[in-house]
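Accompanying notes for the structure given below.
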Amino acid sequence: MINGTDVPTQKYHLPKRIILVRHGESQGNKDDAAYSVTPDYKIPLTAQGIEQAKQAGSRILDVVSGHGSSENWKVYFYVSPYVRTRSTLREIGRAFPKNRMLGVREECRVREQDFGNFQVAERMKVIKETRERFGRFFYRFPEGESAADVYDRVSHFLETLWRDVDMNRHHHNPNEELNLVIVSHGLASRVFLMKWFKWTVEQFEYLNNLGNCEFRVMELGAGGEYSLAVHHTDEEMLEWGMSPEMIADQKWRANANRGTLNDHCPWYLDAFFDHLADSNDKDDEDVKSNNSYLPLA
């Protein structure tokens, strides 16, 4: 079982990597006023954003090919339907030969958080100040979504992702390494990681956004668990806003057997209870009582 989803190990081979990519610099990143005259989904990349995407393609190619050392690998893309993400994918794709691509799918559930319709700059400034006071995860934009809403739809996407793997909808040869690349947005990528690694709302609030065309690599560890620590350094993860405990969990996952629970991960139990005892006296007495009736060896 992975993330609450039953995963039958005999039917398929897991993807080697799942890579989350934020789009390149958009006109809206450069000038907030763009949102007041152009629908969010139609905001294009800037010239710099196009160049960022080309460079990201080369860097991602370097990752999935093992810096040129791997011969048996393929890539499958999921992409948000927004203009800026599709343009980013187009530029990323220039780095890959066609025979390495298994396919691409537009996926609405990894789209940007809905901030409302046309966004007037002065009004949005006040709204975002209110969000900071209320809390980034639960604040719902007027006529739009909260991060919690995005979490729900990304969770549904994850279920589809595993069905795709389970039913081999990627048409993946098990003798080749499969790499899934999801070209999306900053918030959608963060809640994807939050859902996958079971991070709390409090932990999410401390996460920094991805930079334009920055990406996160979830790589399959030696025991079959995905981890950010296989590809990324402690310093990188600290810069992202991850706590030392979160980083320690990633390092544990890099070598953990699939389906095992990290007993030292504080937010699995200790974060929800005060002063948990290892056992209680009644349990100890029951064990002693049961042992007293065991036959001698």
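The values are calculated or read from the model by the stated rules, or taken from the named source; none is laboratory data. These numbers come from a predicted model, not from an experiment. When we count neighbours, we look across all protein chains shown, and the Cβ atoms used for this are built from the backbone with ideal geometry, even at glycine. Accessible surface areas use protein heavy atoms only, side chains included; no ligands, DNA or RNA. Shrake-Rupley method; radii C 1.70, N 1.55, O 1.52, S 1.80 Å.
Residues whose amide H comes within less than 5 Å of that of TYR78, counting only those at least five positions distant or on another chain, are ARG105, VAL181, ILE182, VAL183 (H built at 1.01 Å from N in the peptide plane). Using alpha carbon centroids, what distance separates segment 215-237 and segment 141-164, in Å? Centre-to-centre (Cα) distance: 23 Å. Backbone geometry of segment 199-208 corresponds, through the Karplus equation with coefficients 6.51, -1.76 and 1.60 at θ = phi - 60°, to 3J(HN,Hα) couplings of 6, 7, 4, 4, 5, 4, 4, 8, 6, 8 Hz, x marking Gly and Pro. Rounded to the nearest 10 degrees, what's the angle between the helix 281-291 long axis and the longest principal axis of the chain, both from Cα atoms, 0 to 90? Tilt of helix 281-291: around 50 degrees. Spin-label model, ARG90 to ASP270: label points 7 Å out along the Cα-to-beta-carbon direction sit 5.1 nm apart. The calculated 222 nm mean residue ellipticity attributable to helices in the chain amounts to -11500 deg cm²/dmol, summing -39500 (n - 2.57) over DSSP H runs of n ≥ 4 and dividing by all residues. Which of SER189, VAL230, TYR78 sits farthest toward the positive end of the charge dipole of the chain, with +1 on the Cβ of Lys and Arg and -1 on the Cβ of Asp and Glu? Ranked along the dipole, the leading option is TYR78. Helix 244-253 axis versus longest C-alpha principal axis of the chain: approximately 80°, rounded to the nearest ten. Gain on full extension, evaluated as 0.36 nm per residue between HIS171 and ARG133 minus their Cα-Cα distance, stands at 9.0 nm. Placing a pseudo-label 7 Å from each Cα along the Cα-to-Cβ vector at ASN208 and GLU71 gives an inter-label distance of 4.1 nm. Measuring only protein heavy atoms, the 1.4 Å probe finds TYR82 accessible over about 30 Å².
Computed as a quarter of the hull surface, the mean projected area of the alpha carbon convex hull for the chain stands at 20.3 nm². Along segment 91-100 the Karplus relation, 6.51 cos²θ - 1.76 cosθ + 1.60 evaluated at θ = phi - 60°, assigns HN-Hα couplings of 6, 4, x, 5, 7, 10, x, 4, 6, 9 Hz to successive residues, with x for each Gly and Pro. The angle separating the long axis of helix 47-64 from the principal Cα axis of greatest extent in the chain is about 40 degrees. Report, to the nearest whole %, how much of the accessible area of the chain belongs to carbon and sulfur atoms, 1.4 Å probe, protein only. Using a 1.4 Å probe with all protein chains present, the chain comes out at 50 percent carbon and sulfur. One chain, two ends: ASN99 and MET124. Fully extended at 0.36 nm per residue, the span grows by 4.5 nm beyond their Cα-Cα distance. Between TYR41 and PHE115, residue separation times 0.36 nm minus the direct Cα-Cα distance comes to 25.5 nm. Placing a label point 7 Å from the Cα of ASN262 along the Cα-to-Cβ line, the residues of segment 173-196 whose backbone N sits under 13 Å from it are 194, 196. Backbone geometry of segment 146-156 corresponds, through the Karplus equation with coefficients 6.51, -1.76 and 1.60 at θ = phi - 60°, to 3J(HN,Hα) couplings of 9, 4, 4, 5, 5, 4, 4, 6, 5, 4, 5 Hz, x marking Gly and Pro.
For segment 78-117, the Cβ-based charge dipole about the Cα centre amounts to some 260 debye (Lys, Arg positive; Asp, Glu negative; other atoms uncharged). For segment 26-145, taking Cα atoms only, Rg and Dmax work out to 17.6, 53 Å respectively.
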